[in-house]
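To start, the structure itself, in structure tokens.
The values are calculated or read from the model by the stated rules, or taken from the named source; none is laboratory data. All of these numbers come straight from a predicted model, not from anything done at the bench. In this analysis, Cβ positions are derived from the backbone assuming ideal geometry, glycine residues included, and neighbour counts consider all displayed protein chains.
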């Protein structure tokens, strides 16, 4: 009989503790995620930054079209999204910047897109080496960035 009461108590304790930890975790996640996204004015056009190596070692050259394939894919997707009216009257627009196949070029492109063009999102970083250098800049400025 004692074992049954102890087992019930332990079971209820574990469930209660799990519930408390879950609720605390959910609140903490909300605190982490909420402030990282800059609000976007949903006017008639949303500018999205695109950073690609259009020049330098990774740009188009004697070994093939390089980044042009990626840029063309982005533009095709943009055209399809804007024509579909999925966003209602809102259209997307790309502001494409050359990272010159360097970290310094990517940092300059991110700084321009974030501070001058005020984009809420940046796409297209070509290499992990560059991403490691510029993604903290985006995060610090509450801009979503992905490869």
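You will find that of 103, 119, 67, 125, the residue that is surrounded by 15 or more Cβ atoms within 10 Å (Cβ to Cβ), touching a strand residue (DSSP E or B) at 6+ places or on another chain (Cβ under 8 Å) and at pLDDT 85 or above is 119 and no other. Working only within the stretch 115-141, note down all residues that are in contact with a helix residue (DSSP H, G or I) (Cβ under 6 Å, 6 or more places away or on another chain) and in a loop (DSSP other than H, G, I, E, B). Those that are in contact with a helix residue (DSSP H, G or I) (Cβ under 6 Å, 6 or more places away or on another chain) and in a loop (DSSP other than H, G, I, E, B): 119, 125, 141. Residues in the stretch 88-114 that are assigned to a loop (DSSP other than H, G, I, E, B) and without any contact (Cβ under 8 Å) to a residue 40 or more places away in the chain: 88 alone.
In the stretch 70-87, the qualifying residues are those that are exposed (fewer than 11 other Cβ atoms within 10 Å of the Cβ) and not in a helix (DSSP H, G or I), and the one that is nearest to the chain's Cα centre (by Cα) is 86. Residues that are at pLDDT below 90 and more than 16 Å from residue 48 (Cα to Cα) within the stretch 70-83 are absent altogether.
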